[in-house]
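Participant: One structure coming up, written as structure tokens, with questions to follow.
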Amino acid sequence: MSRSVSFRSVVVPGLLLAVVLAVVPLAQSPQAIRPNVLLIIADDMGYGDIGAYGATDTRTPNLDRLASEGVRLTDFYANAPVCTPTRAALMTGRYQQRLMLERPLASVGPDLEAVLPVTGRSVPQLLKDAGYRTALIGKWHLGYKPESGPRAHGFEYFWGFLSGYLDWYTHVRGDGQHDVWENETPVQAQGYFHHETTRRAVAEIDRSVSDGRPFFLEVAYGAPHWPFQSPTVPSVVERRNNSMTPDPSDPNAATRADYVAIMEDFDAEIGRLLGRLNHHGLERDTLVIFMSDNGGEWLSRNSPLFHRKDTVWEGGVRVPAILRWPARLPRGRVSGQVGITMDISASVVAAAGAARRDLGFEGLDLVTLLATGRTQERELMWRVIRPNVQQRAVRSGDYKYVEDGGLRFLFNVRTDPGERDDLTSREPSRVRSLRERLAVWETDVDGDARPDLFVTDMLG
């Protein structure tokens with residue numbers, strides 16, 4: 001038995017059911033219609049940044065409506081508190097540590113050589129092989145080499161950027177290089193980047209309808225990631241002040257009001273996408289998934305969670321997530337089912353009938369669980385390792401064990417999502433058990449990691 005199979009059968013209670021749910025599609029009648037899949041990813045959105053998750057200073061009617069028409073998850077997690085690792089897990093359905101993709105890829109230095117290995121088993125490739133039209137509009141951030149870019153992983157069409165962020169008006173990345181691509185060709189774009197992202201996504205929906213195949217469309221927005229630039233055409237001064245610095249100590253830094261304007265504009269863009277589905281009569285048979293790639297930045301509202309992006313505390317990894325599929329999922333349900341990004345991989349592949357038994361997915365099919373009203377206990381792991389930060393965490397059932405530097409904590413995050421009531425002294429045996437399980441997980445994923453697939457001198 002392989003090391004990874006041994007770990008999954010020992011560490012995660014009841015995971016045999018999870019593996020079945022992850023890799024075997026539901027039995028469908030011959031007349032069953034495979035859904036279109038519209039996956040919308042926010043970048044650095046805080047848990048409490050939209051009305052459905054408690055925001056009181058932000059108007060987000062389109063996302064709120066999506067939540068009222070589908071299932072809103074209260075305990076959904078990103079695979080990592082930063083972008084590249086989470087996106088690697090989404091593409092592969094597995095812990096990103098197995099690929100040594102644990103930090104955001106910089107746009108300079110050795111990270112330019114990093115790749116997400118092409119295996120033929122990425123989510124878009126599986127759906128393409130199953131007859132889906134596949135496209136990515138927006139952010140990739142999984143490598144700069146065209147031979148391992150979006151189309152090598154199964155996206156038939158790509159329009160967007162390869163790095164972690166852009167100036168949303170000039171469309172240059174952090175090192176000053178222009179970074180907008182159509183497939184493997186650099187192209188020019190006009191205006192505010194998030195608006196152009198929506199325009200391109202709407203056009204792709206139209207092309208998919210004309211094509212006649214079911215579609216898998218990932219729309220990976222750069223919003224509300226910094227630079228926190230106004231969605232209205234800013235003055236030259238505003239562009240300079242809010243351009244490429246996320247530092248809150250800057251006297252010209254953006255404000256929460258600036259961020260709210262970005263969020264409300266982003267919600268309107270999502271409304272345009274959903275409206276296009278309705279225009280074509282696709283609403284009932286389209287699985288719409290909305291989520292953030294990690295927790296919010298300093299201008300975000302992460303309440304009631306503690307901390308923010310780039311930490312394994314709840315504010316860094318617990319994110320908003322909504323699934324709507326009127327043909328399968330209940331309307332207006334709020335679910336406490338624990339989920340994680342790599343569950344989306346398993347869910348999409350299963351819903352599309354594209355599953356194979358050799359995928360090694362480590363997530364489970366949330367659609368099946370949510371459609372039946374069942375719940376399943378989970379055990380999930382996180383890690384942040386860089387020179388000045390050493391953090392690890394495991395959530396097992398309602399409990400979460402956190403290591404931050406040399407300190408250890410235990411919380412019941414079901415009743416204490418703010419991680420304020422440390423239970424370490426009251427439950428030392430649970431602390432020992434979870435610490436041991438975390439160590440087993442690390443041994444497993446690190447044993448699978450291949451340094452030849454990635455550079456070890458990762459830049460933050």
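The values are calculated or read from the model by the stated rules, or taken from the named source; none is laboratory data. On a predicted model such as this, the values are computed, not experimentally measured, just so you know. Using ideal geometry, Cβ is built from the backbone for each residue, glycine included, and neighbour counts are taken over all protein chains shown. Accessible surface is based on the protein model in full, side chains and every heavy atom, while ligands, DNA and RNA are left aside. Shrake-Rupley method; radii C 1.70, N 1.55, O 1.52, S 1.80 Å.
Participant: Measure out, as a whole number of angstrom, how far apart the alpha-carbon centroids of the stretch 336-384 and the stretch 145-199 sit.
Facilitator: Spelled out, the Cα-based centre of one part sits 29 Å from the other.
Participant: Considering just Cα atoms, how many Å³ per residue does the convex hull of the stretch 75-197 enclose?
Facilitator: 120 Å³
Participant: To continue, here is another question. Rounded, prolate or oblate: which one fits the stretch 322-460, using the alpha carbon gyration tensor with axes a ≥ b ≥ c (rounded when a/c is under 1.5, else prolate when a/b beats b/c, else oblate)?
Facilitator: oblate
Participant: Now for a different question. Tally Lys and Arg at +1 and Asp and Glu at -1 over the other residues with C-beta under 12 Å from the C-beta of Pro330: what net charge comes out?
Facilitator: With Lys, Arg at +1 and Asp, Glu at -1, the neighbours total +4.
Participant: Heavy atoms only, 1.4 Å probe, whole protein assembly: order Val37, Val187 by accessible area, highest first. Spell out each step's value before the answer.
Facilitator: Working: Val37 0, Val187 30 Å².
My answer, sorted largest first, is Val187, Val37.
Participant: Within the stretch 331-460, what whole-number % of the accessible surface is contributed by carbon and sulfur, with the 1.4 Å probe and all protein chains included in the calculation?
Facilitator: 47 percent
Participant: Per the helix-only calculation at 222 nm, which mean residue ellipticity applies to the chain, given -39500 (n - 2.57) for every DSSP H run of n ≥ 4 and division by its residues, nearest 500 deg cm²/dmol?
Facilitator: Taken over the chain, the calculation gives -9000 deg cm²/dmol.
Participant: In the stretch 304-358, what trypsin sites (Lys or Arg not before Pro) fall in a loop by DSSP, with at most 13 other Cβ atoms inside 10 Å?
Facilitator: Arg331, Arg357
Participant: Rounded to the nearest 20 Debye, what is the dipole magnitude of the stretch 96-160 about its Cα centre when Lys and Arg each give +1 and Asp and Glu each give -1 at the C-beta?
Facilitator: 160 debye
Participant: Are there GluC sites (Glu not before Pro) in the stretch 264-314 that DSSP marks as loop and that have at most 16 other Cβ atoms within 10 Å, and which are they? Please report the intermediate quantities before stating the final value.
Facilitator: Working: sites: Glu264, Glu269, Glu283, Glu297, Glu314; in loops: Glu283, Glu297.
When the GluC sites (Glu not before Pro) of the stretch 264-314 are filtered for loop state and at most 16 Cβ neighbours within 10 Å, nothing remains.
Participant: For the stretch 375-421, state which trypsin sites (Lys or Arg not before Pro) are in a DSSP loop and have at most 16 other beta carbons lying within 10 Å of their beta carbon.
Facilitator: On the way: sites: Arg378, Arg383, Arg392, Arg395, Lys400, Arg408, Arg414, Arg420; in loops: Arg378, Arg414, Arg420.
Within the stretch 375-421, the qualifying trypsin sites (Lys or Arg not before Pro) (loop, at most 16 other Cβ atoms within 10 Å) are Arg414, Arg420.
Participant: Run the reach check for Lys309 against lysines, Cα to Cα strictly under 22 Å, same-chain hits fewer than 8 apart removed. What comes back?
Facilitator: Cα-Cα hits under 22 Å: Lys139, Lys400.
Participant: Leaving out ligands, DNA and RNA, and with a 1.4 Å probe, what % of the accessible surface on the stretch 53-209 is carbon or sulfur?
Facilitator: Roughly 51 percent, rounded to a whole number.
Participant: Sticking with this structure for a sec: The chain: percent of C-alpha pairs farther apart than 29 Å?
Facilitator: Across the chain, Cα pairs with separations above 29 Å total 43 percent.
Participant: Still on this structure, I have one more. Net charge within 14 Å of Trp298 by Cβ-Cβ distance, Lys/Arg positive one each and Asp/Glu negative one each, not counting Trp298 itself?
Facilitator: Neighbour charge sum, excluding Trp298 itself: -3.
Participant: Among Trp168, Phe215, Val384, which residue has its Cα furthest toward the positive end of the charge dipole of the chain, with +1 on Lys/Arg Cβ and -1 on Asp/Glu Cβ?
Facilitator: Among Trp168, Phe215, Val384, the one farthest towards the positive end of the dipole of the chain is Phe215.
Participant: Could you calculate the FRET efficiency of Ser249 with Thr56 from 1/(1 + (r/R0)^6), where r is the beta carbon distance between them and R0 is 25 Å, rounded to 0.05?
Facilitator: So, using R0 = 25 Å, E works out to roughly 0.40.
Participant: Size of the stretch 294-390 along its principal axes in angstrom, Cα-based, largest extent first?
Facilitator: 44, 35, 22
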